[in-house]
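The values are calculated or read from the model by the stated rules, or taken from the named source; none is laboratory data. As the structure is a computational prediction, the values presented were derived from the model and not from experiment. FYI the Cβ positions are ideal-geometry reconstructions off the backbone, even for glycines, and counts take in every protein chain you see.
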Amino acid sequence: MRGMWRWARGGTVLALGALVAWMAIPGGAQAQYPPPTGSVTLSVSSATPAVGQSVVLGVQIVSPTGAPVADASCSFAITQQPGTDAYVVAGPVSTDAAGMAEATLNVGSTPGLINVKAQCGELSALTSVVAGAAQTVALPATGEGSMASSGGSFPWLVALAAGVGLALAAVGARRVGSRRRS
């Protein structure tokens with residue numbers, strides 16, 4: 001009977017280790033509530049226009065099934081600019097049968113980064129333009145290596161180490177218990 005209890009404790013510890021490992025899996029079972037109503041993509045005809053030029057902003061909306069969404073109203077807004085004279089011409093605009101619409105962005109007279117947001121109902125998208133592209137724009141630090149954006153393998157290593165550590169602890173406890181009885 002005591003031997004069965006030791007195996008049950010060891011099995012419980014192993015099961016707990018497996019549960020910890022499973023919970024640490026990046027991208028494990030997740031859901032978004034409420035589900036998304038579709039997606040919107042915002043593109044620009046030129047990401048590096050000269051100061052004083054205009055570029056075309058293109059937006060495309062698709063449903064969750066990938067079908068184009070026609071007659072959706074979209075508005076555009078500049079969320080960041082280096083000066084004060086950049087502006088979006090026209091808007092709001094409605095999408096056509098292909099789920100697409102266009103507006104024009106005048107980049108103004110000041111070189112630098114201009115961020116534009118498209119808002120189409122609940123959906124939104126962002127894009128950036130660098131006016132007077134001779135200016136260098138630094139990207140934010142996001143990590144290093146090929147797995148940095150997906151969370152890398154670190155959570156896997158932690159989960160694996162935790163599971164192995166719990167399993168070894170269970171085996172060690174079982175052996176210590178059996179030596180005392182001998």
Counting only residues in segment 114-155 that are farther than 26 Å from THR48 by Cα and of a type in the set (A, V, I, L, M, F, W, C), the one modelled with the highest pLDDT is identified as PHE154
Please go through segment 87-118 and pick out each residue that is in contact (Cβ under 8 Å) with a residue 40 or more places away in the chain, within 30 Å of PRO68 (Cα to Cα) and of a type outside the set (S, T, N, Q). MET100, ALA101, GLU102, ALA103, LEU105, VAL107, VAL116, LYS117, ALA118
Odd one out for GLY83, checked against (1) in a strand (DSSP E or B); (2) surrounded by 14 or more Cβ atoms within 10 Å (Cβ to Cβ); (3) over 23 Å from the mean Cα position of the chain (by Cα): (1)
Could you list, in sequence order, all residues of segment 70-102 that are under 18 Å from LYS117 (Cβ atoms) and of a type in the set (A, V, I, L, M, F, W, C)? ALA72, CYS74, PHE76, ALA77, ILE78, ALA86, VAL88, VAL89, ALA90, VAL93, MET100, ALA101
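Residues are listed down the side, and each one gets a yes or a no for (1) part of a helix (DSSP H, G or I); (2) modelled with pLDDT under 70; (3) exposed (fewer than 13 other Cβ atoms within 10 Å of the Cβ):
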| position | (1), (2), (3) |
| --- | --- |
| LEU14 | yes, yes, no |
| SER43 | no, no, no |
| VAL55 | no, no, no |
| GLY66 | no, no, yes |
| ILE78 | no, no, no |
